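The block underneath contains the structure these notes are about, expressed in structure tokens.
The values are calculated or read from the model by the stated rules, or taken from the named source; none is laboratory data. Owing to the predicted nature of the structure, the values given are computational and were not obtained by experimental measurement. No Cβ is skipped: glycine too gets one built from the backbone with ideal geometry, and neighbour counts run over all protein chains shown.
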Amino acid sequence: MKRNWLKGANSYYDVVVIGSGLAGMTAANMLAKLGHSVLLAEHHYNMGGLATWFKRKGGHILDISLHGFPSGMIKTFRKYWTKEMANSIIRLKGIRFDNPQFKLVTTFDKVDFTNILLERFGILKDVVDDFFETARNMNFYDELEMTTRELFEKFFPGRKDVWRFLMEPITYANGSTLDDPALSYGIVFSNFMDKGVFTYQGGTDDLIKKMKKELIKNGVDIRTHCLVEKIHLEGKSVKGVKINGQDIECRSVLSNSNILSTIHELVGDEKFSLEFIKEVKKVRLNDSSCQVYIGIKRGEKIDNVGDLLFTSVAEEYNTEKILDKHVTSRTFSFYYPEMRPGLDRFAIVSSTNARFMDWANLSEEEYNVEKENLIESTLDALEKYVPDIRQKVDYLEAATPKTFKRYTLAPAGTSFGTKFEGLKISRDLPKQINGLYHSGSVGIIMSGWLGAANYGVIVANEVDKFMRSLEHEPKKMVHASV
Ligand SMILES: Cc1cc2nc3c(=O)[nH]c(=O)nc-3n(C[C@H](O)[C@H](O)[C@H](O)COP(=O)(O)OP(=O)(O)OC[C@H]3O[C@@H](n4cnc5c(N)ncnc54)[C@H](O)[C@@H]3O)c2cc1C
């Protein structure tokens, strides 16, 4: 008999949060702490969304999206989660570049970047200072006309080597390109430049386990294996949701599902104004990713070759080449035993930006061949840095945009939500339907671990305000639904 994953759930919750990505979990936690009854529904068996990991035979644990985030995550964890989580954040100091234009190692902060720009690239100090100042002062309300390409042209005309140094890591961090608004570059770049790149010691499995414990402590009703199929409305207001075929009432929905899926599939275009849907149709998804997971045999070691290694054989930075299925650029994340103290294991994850369409329409046979090619070419590229890698490996697997789609339901397996225009749509959702909110990777700046978690906080506050505005309405009767 099929298990009922909603067994014992209530007939009504103040808020239903759809999806347990970092935005969904952070929002659910805040809303529960603010006194609301919260149901957190996740279709997958695991929580975390793209912030996830997997275990394989031989004691391998591989992280999917734990490669690096800015120091702001420490404050976010301390304020909205726990001090213990904040205290587990550690700095990565060996960030390495290797491409035909330059080879260097950096601590990836303002002081080191300034020195490199002055000494290695010969840029004048005033120009560097002015560039940092301009990037730092960009904010949400700035005009969006200037692209990152124009920003670079202005400060470093013709210096494609400098562009690559400044841009390549950010492309990996949030999927943005030279043609996206400079704002989406400036905010993320400045966040990193503040203090460098950080990671979570203990791994994603430890983090999500602790988040789950905290959510339960604060009273969130967590339900995994629960697919939200529909958001029900009464007129222009949220009335409930349909989960695994069962209706549950609520006054507000915070969707952490992709913004386009939320509108087109969970609600339905006909429930929004025509002008709004016209704008929604202009929203472009961000690109997706491929990864190769490399598990090192128990007892084997690899020398420290840096924590993050941006490698490329392309002559210069080029978005098209970065996305191309014939990979020229890869970011290697090296996981040394300090990452998971007590485990004494090494692992390597290679990430490349990718296009969904390059993978979506392959036959099963072609798909498997292409995955195998991806693994082999990744090992070839890695041999340059870890010469005997093939002898040290005993687990290899690849993920493609199709894999990311399957696990998170993100259309086209998008790694970083939508391009910039998606942010306005996400913000305008409650103006269309009372009680309907969205949070999660959108508009480039609200993506990545920090962006998604912080956006969860912003939207949770708005949901709280909305719920308080309904306090005069009669209380709902609550009973166990099943
Ligand atoms: C390969 C890769 C590497 C990355 N590396 C980094 C990195 O190093 N640093 C960094 O900061 N960021 C990184 N990111 C980005 C970062 O992981 C994401 O931006 C962030 O985790 C997204 O969080 P989110 O809250 O938007 O939701 P998501 O993680 O997209 O989660 C949404 C959740 O909603 C669930 N869901 C969707 N629809 C439904 C439904 N109808 N019913 C029930 N559940 C539903 C999904 O299953 C999922 O669990 C990386 C991403 C990828 C793909």
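Among the residues of the range 438-450, is there at least one that is farther than 23 Å from Glu275 by Cα, of a type in the set (A, V, I, L, M), at pLDDT 95 or above and within 15 Å of the ligand (Cβ to nearest atom)? I'd like the intermediate steps shown before the answer.
Narrowing the range 438-450 to residues farther than 23 Å from Glu275 by Cα: 440-441, 444-450.
Going one step further and asking which of them are of a type in the set (A, V, I, L, M), we end up with 444-446, 450.
Narrowing the set further to residues that are at pLDDT 95 or above leaves 450.
With within 15 Å of the ligand (Cβ to nearest atom) added as a condition, the list becomes 450.
Yes - at least one qualifying residue is present in the range 438-450.
Mind checking which strands (runs of 3 or more DSSP E) fall wholly inside the range 184-282 and carry at least 1 residues that are within 27 Å of Gly413 (Cα to Cα) and among the basic types (Lys, Arg)?
Working: elements: 197-200, 221-223, 228-234, 237-243, 246-255.
Ranges flagged: 221-223, 228-234, 237-243.
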Exercise. Given the conditions (1) away from the ligand (no atom under 15 Å from the Cβ); (2) in contact with a helix residue (DSSP H, G or I) (Cβ under 9 Å, 6 or more places away or on another chain); (3) modelled with pLDDT under 95, and given that Lys476 satisfies all but one, which numbered condition is not satisfied?
Worked result: (2)
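The rows are residues; the columns are (1) closer than 16 Å to Trp53 by Cα; (2) among the charged types (D, E, K, R); (3) assigned by TED's automatic domain parsing to the domain that holds Lys384; (4) out of contact with any Lys or Arg (no Cβ under 8 Å at 6 or more places or on another chain).
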residue	(1), (2), (3), (4)
His326	no, no, yes, yes
Ser333	yes, no, yes, yes
Leu343	yes, no, yes, yes
Ala347	yes, no, yes, yes
Thr352	no, no, yes, no
Phe356	no, no, yes, no
Asn368	no, no, yes, yes
Glu372	no, yes, yes, yes
Seminar exercise, completed: Of the listed residues (Val463, Val459), the one being away from the ligand (no atom under 12 Å from the Cβ), assigned to a helix (DSSP H, G or I) and modelled with pLDDT of 95 or more is Val463
Seminar exercise, completed: Here the residues within the range 41-98 that are within 14 Å of the ligand (Cβ to nearest atom), part of a loop (DSSP other than H, G, I, E, B) and more than 24 Å from Ile222 (Cβ to Cβ) are His67, Gly68, Pro70, Ser71
Seminar exercise, completed: Given the conditions (1) of a type outside the set (Lys, Arg); (2) under 29 Å from Leu323 (Cα atoms); (3) surrounded by fewer than 22 Cβ atoms within 10 Å (Cβ to Cβ), every one holds for Ile263 apart from (3)
Exercise. Considering the range 77-98 alone, what residues qualify as being closer than 10 Å to Leu450 by Cα and surrounded by fewer than 21 Cβ atoms within 10 Å (Cβ to Cβ)?
Worked result: none
Seminar exercise, completed: Going through the range 18-39 in order, the residues found to be farther than 20 Å from Lys79 by Cβ and more than 9 Å from the ligand (Cβ to nearest atom) are Ser37, Leu39
